[in-house]
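Student: Let me give you the structure first, and then I'll get to my questions.
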Amino acid sequence: MKVLYKRPYALNDIQTHYCSGCGHGIIHRLVAEVIDELQIREKTIAIAPVGCAVLAYDYWNFDTTEAAHGRPLAVATAIKRVQPDKIVFTYQGDGDLAAIGTNETIHAACRGENLTVVFVNNGVYGMTGGQMAPTTVLSQKTTTTLSGRERSIHGYPLPLLEMLKVLEGVFYLERRSLFSPSEVKKSKQALLTAFQNQIENKGFSMVEILSPCPTYSKMKPVENLKWIEKEVIKTYPLGRVK
Amino acid sequence: MNTRLLFSGNDAFGEAAIISGCQFYAGYPITPQNELTQYMSRRMLEEGRIFIQSESELASINMVFGASLSGVRAMTSSSSPGISLMQEGISYLAGCELPAVVVNVMRGGPGLGNIDPSQADYFQSTRGGGHGDYRTPVLAPESVPEIFKLTPVAFELADKYRTPVILLGDGMLGQMMEPVDRDLLNIKNKVYPKPWALTGCLKRKPQSIKSLYLATGALEELNLRLQERYRRIEEQEVRFQSQISSKDSLLIVAYGTMARIAKGVIKALKSENINVGLFRPVTLWPFPSKELKNSASGIKNILVLEMSSPQMHEDVRLALPSGFKIDFLGRMGGIIPSEDEIIEKIKKMLKSLRRVK
Ligand SMILES: Cc1ncc(C[n+]2csc(CCOP(=O)(O)OP(=O)(O)O)c2C)c(N)n1
């Protein structure tokens, strides 16, 4: 019998702690598949964020650490500078990467650190109970924007990739999603490119993935995906940004 | 042949770190320690090591975190406001059991304060500083040559106990230039194996470095392990200098620059036939409590000198049983107590003692 689909070697065989319909599990798996395909597991060091994905290290079968909230790219910068022969990547939520850690993000990008960044944009702060994230789209309801995000009170959503685009140090930026099997495939392709870039010493690469959080969007998983496809991509258009 | 070199305190911290095998330095400018960052920007590159001028002290300390978990010796430096920003990172280093050296060239506070020498960060340095149950060893050099002696010790302690270590100086020490015997630059580094470092899982199981322990009781296990380590540090790593004779009628307790000034005071008083001793804690944590108690036992009259409000004063009171008369003189806001005002204070103390008798 031919095996068509199996667990990637870089992914541990453990029970998930993520809510049903959460995108983190899919993205963890995509990262693991890419690491297997590129055969870099034994030289990879991952930096988990503070957020729902803080336990990423339980799922991955390679070296991992956990940075303070928002600081993965400062930590990653030093690991890669000290060990340039290793593959170093951060995995971060939108609060971690684009609110508390915006400074570290911008400066690592601007320095052109040869790093790979997996940016999971689920539009909310999952871990702390669904509050507004910098990426929350206008009129989206969260536990701190009860009647929807309103620009006069809460300001505008933050288009991080478009901001990073202007930086000389940035090599590759792509925004993808998970709302259909073909989108999942495209996300994987983008991740593959972002890791390949690091292997080829091309420089700072970031993939943003619009990811569902059914628990705090107060939607069923499928509904949540449809909403991303119909609404969220109006604020965050998919595709190659740089 | 001339065997002495002239160094400022700030440059000395840098050169001593390089000799101690520091492979990674990240820093963000702040007065009065800018020369240290500048020194490292040049010397680290000359040595083929890594220097990063970071975007903030938050980034500096987290870069040190990344370098340390890679298994190399790493250092950052700053002055008081910047050290406040680093406290979260220092707490994470403690929680992840990672070695690191942090130099604080203290200035006046609170807030932006000023850029003059101060010892106002004593509590912050000796009580942990950031959140959670942890301590950091604190070494306080009094001179430029002593920076060359204590910096290697800081790196050793960090590796040996897997803990961040603070080198605590002040603006005076950082800015002052002194000759240093070339011999002091011949440092033999003990190398500590770091099997816990994250270097990729080639030929071994994957490893993780983290400070999150969610399972009931798991965090307390870490806490207990750290506490046990802190007790060992308290037992084995106390350092101090005592300059005491049986004729002394008073004992000064002071550290760093303040101890240096106290030495001048003691010399001046000697010429007037007034004998005063000095007890100088070199490790501020662990505080040399037992040693102070022993040294002070024949004297009973204590004067604590600080370039701050009474902070170390609390540790002195904790170290000494009732029956000691413990007085305090300190100046704040970057003002250094002068020899004259200390001498006046001591004379007053001795006079009132005679009256009591
Ligand atoms: C200094 C600090 N501030 C706040 C928190 C609390 N906190 C933990 S996770 C988080 C936000 C997580 O949101 P995001 O990064 O979007 O990731 P998600 O959980 O949605 O995957 C916050 C605010 C913290 N741990 N540390």
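The values are calculated or read from the model by the stated rules, or taken from the named source; none is laboratory data. These figures come from a predicted structure and were not determined experimentally. Note that we place each Cβ from the backbone using ideal geometry, even for glycine, and neighbour counts take in every protein chain shown. These area figures cover heavy atoms from the full protein model, side chains too; ligands, DNA and RNA do not enter into them. Shrake-Rupley method; radii C 1.70, N 1.55, O 1.52, S 1.80 Å.
Student: For the stretch A:152-164, just list the computed ³J(HN,Hα) in residue order, Karplus coefficients 6.51, -1.76 and 1.60, θ = phi - 60°, integers in Hz, with x standing in for Gly and Pro.
Tutor: Using θ = phi - 60°, the values come out as 5, 9, 9, x, 8, x, 9, x, 5, 4, 5, 5, 6 Hz.
Student: Does the stretch A:41-169 come out rounded, prolate or oblate by the C-alpha gyration tensor, with a ≥ b ≥ c the root eigenvalues, rounded set by a/c under 1.5 and, if not, prolate when a/b is larger than b/c and oblate if not? Don't skip to the answer; put the middle values down first.
Tutor: On the way: a/c = 3.05, a/b = 1.62, b/c = 1.89.
Oblate is the answer for the stretch A:41-169, as a/c is 1.5 or above yet b/c matches or exceeds a/b.
Student: What shape does chain A have by the C-alpha gyration tensor, where a ≥ b ≥ c are the square roots of the eigenvalues, rounded means a/c under 1.5, and otherwise prolate means a/b greater than b/c and oblate the rest? The partial results should precede the final answer.
Tutor: Working: a/c = 1.61, a/b = 1.22, b/c = 1.32.
Taking the square roots of the gyration eigenvalues as a ≥ b ≥ c, chain A is oblate.
Student: Could you list log10 I(q)/I(0) for the protein assembly as shown at q = 0.09, 0.12 Å⁻¹, which the Debye formula gives when each Cα is one point scatterer?
Tutor: Those come out to -0.75, -1.12, one per q.
Student: Once amide H atoms are built 1.01 Å from N in the peptide plane, which residues 5 or more positions from A:Ile45, or in another chain, come under 5 Å H to H?
Tutor: A:Ile87, A:Val88, A:Phe89
Student: Right, another one. Over the stretch B:241-356, calculate the relative contact order: mean separation of alpha carbon pairs under 8 Å at least 6 apart, over the residue count, as a percent.
Tutor: On the way: 176 pairs, mean separation 32.1, N = 116.
Relative contact order comes out at 28 percent.
Student: When the C-alpha atoms of chain B are aligned to their principal axes, what extent does each axis show, in angstrom, from largest down?
Tutor: Rounded to whole Å, the extents work out to 75, 56, 40 Å.
Student: If you don't mind, another one. Would you mind working out the magnitude of the charge dipole of the stretch B:241-356 relative to its Cα centre, with +1 at each Lys and Arg C-beta and -1 at each Asp and Glu C-beta, to the nearest 20 Debye?
Tutor: It comes to approximately 380 debye.
Student: If I model a spin label at B:Leu214 and A:Lys2 as a point 7 Å from the Cα along the Cα→Cβ vector, what separation in nanometres do I get?
Tutor: Computed distance between label sites B:Leu214 and A:Lys2 equals 4.0 nm.
Student: Leaving out ligands and nucleic acids, and using a 1.4 Å probe, what accessible area per residue does the protein assembly as shown come to in Å²? Each step should come with its number before you reach the end.
Tutor: Numbers: 24710 Å² over 599 residues.
With all protein chains present, the protein assembly as shown gives 41 Å² per residue.
Student: Next up: Given C-alpha coordinates of the stretch B:241-356, what is the ratio Rg to Rh with the Kirkwood estimate of Rh?
Tutor: Details: Rg = 13.0 Å, Rh = 14.0 Å.
Result for the stretch B:241-356 is an Rg/Rh of 0.92.
Student: When the accessible area of each residue in the stretch A:106-148 is compared between its chain alone and the complete protein assembly (1.4 Å probe; ligands, DNA and RNA ignored), which residues differ by at least 20 Å², being lower in the assembly?
Tutor: Checking the loss per residue gives A:His107, A:Arg111.
Student: Further question on the same structure: Normalising by the residue count of the stretch A:109-169, find the relative contact order in percent from Cα pairs under 8 Å and 6+ residues apart. Can you show the working numbers first?
Tutor: Numbers: 71 pairs, mean separation 18.6, N = 61.
Dividing the mean separation by the residue count of the stretch A:109-169 yields 31 percent.
Student: Same structure again: Mind checking which of B:Ile342, B:Val282, B:Ser271 is farthest towards the positive end of the stretch B:241-356's charge dipole, using Cβ charges of +1 (Lys, Arg) and -1 (Asp, Glu) about the Cα centre?
Tutor: Looking along the dipole axis, the top candidate is B:Ser271.
Student: Relative to the longest principal Cα axis of chain B, at what angle does helix B:9-19 sit, 0 to 90 degrees, rounded to 10?
Tutor: Taking the Cα atoms of chain B, the angle to B:9-19 is about 40 degrees.
Student: Now for a different question. Give the average, rounded to an integer, of partner chain Cβ atoms located within 10 angstrom of each Cβ in B:87-100. Present the calculation step by step, with values, prior to reporting the outcome.
Tutor: Details: counts 0, 4, 5, 0, 1, 6, 1, 0, 2, 4, 0, 1, 0, 0.
Partner Cβ neighbours, averaged per residue: 2.
Student: Would you please give the residues with an amide H less than 5 Å from that of B:Val165, counting only those at least 5 places away or on a separate chain, with H modeled from the backbone geometry?
Tutor: For B:Val165, whose amide H was placed from the backbone, the distant partners under 5 Å are B:Ala100, B:Val101, B:Val102.
Student: Express the relative contact order of chain A as a whole percentage, based on alpha carbon pairs under 8 Å and six or more residues apart in sequence.
Tutor: On the way: 490 pairs, mean separation 46.0, N = 242.
Value for chain A: 19 percent.
Student: Give a residue-ordered list of calculated ³J(HN,Hα) values for the stretch B:258-268 (Karplus: 6.51 cos²θ - 1.76 cosθ + 1.60, θ = phi - 60°; whole Hz; x for Gly, Pro).
Tutor: 5, 5, 4, 5, 4, 5, x, 4, 4, 5, 4
Student: As a test of the formula, what do you get for chain A when each DSSP H run with n ≥ 4 contributes -39,500 (n - 2.57) and the sum is divided by the residue count, at 222 nm and rounded to the nearest 500 deg cm²/dmol?
Tutor: Values: 9 runs with 79 residues, N = 242.
Mean residue ellipticity at 222 nm (helix-derived): -9000 deg cm²/dmol.
Student: Accessible area of the stretch A:1-151 with a 1.4 Å probe: how many percent of it is carbon plus sulfur?
Tutor: Working: 3030 of 5590 Å².
Summing carbon and sulfur atoms, their accessible area is 54 percent of the total for the stretch A:1-151.
Student: Here's something else I'd like to know. How many Å² of accessible surface get buried when A and B come together, counting both sides, probe radius 1.4 Å, rounded to the nearest 100? Please list the in-between numbers first.
Tutor: Details: alone 11320 and 15950 Å², together 24710 Å².
Answer for the A-B pair: about 2600 Å² buried.
Student: Any idea what angle helix B:57-69 forms with the longest principal axis of chain B, computed on alpha-carbon atoms, 0 to 90 degrees, nearest 10?
Tutor: Roughly 60 degrees between the two axes.
Student: List every residue whose amide H lies under 5 Å from the amide H of B:Ile52, counting only residues 5 or more places away in sequence or on a different chain, with H placed 1.01 Å from N in the peptide plane.
Tutor: Placed amide hydrogens put B:Tyr25, B:Ala26, B:Gly27 under 5 Å from B:Ile52.
Student: Still on this structure: Can you work out the Karplus-derived ³J(HN,Hα) for every residue in the stretch B:123-131? Use 6.51 cos²θ - 1.76 cosθ + 1.60 with θ = phi - 60°, whole Hz, and x for glycine or proline.
Tutor: Going residue by residue, I get 4, 4, 6, 8, 9, x, x, x, 7 Hz, with x marking Gly and Pro.
Student: Next question. Sort B:183-191, B:326-334 by the packing proxy (mean of other Cβ within 10 Å over each peptide's residues), most packed first. List each step's numbers first, then the result.
Tutor: Working: B:183-191: 12.0, B:326-334: 17.8.
For the peptides B:183-191, B:326-334, the packing ranking is B:326-334, B:183-191.
Student: What's the average, rounded to a whole number, of partner chain beta-carbon atoms within 10 Å of each residue's beta-carbon in A:97-105?
Tutor: Working: counts 0, 0, 0, 1, 3, 0, 5, 7, 0.
Mean number of neighbouring Cβ atoms from other chains: 2.
Student: Hey, got the average number of other protein chain Cβ atoms within 10 angstrom for residues in B:201-208? Please list the in-between numbers first.
Tutor: Details: counts 9, 5, 1, 2, 2, 13, 6, 11.
For this peptide, the per-residue mean of nearby foreign Cβ atoms is 6.
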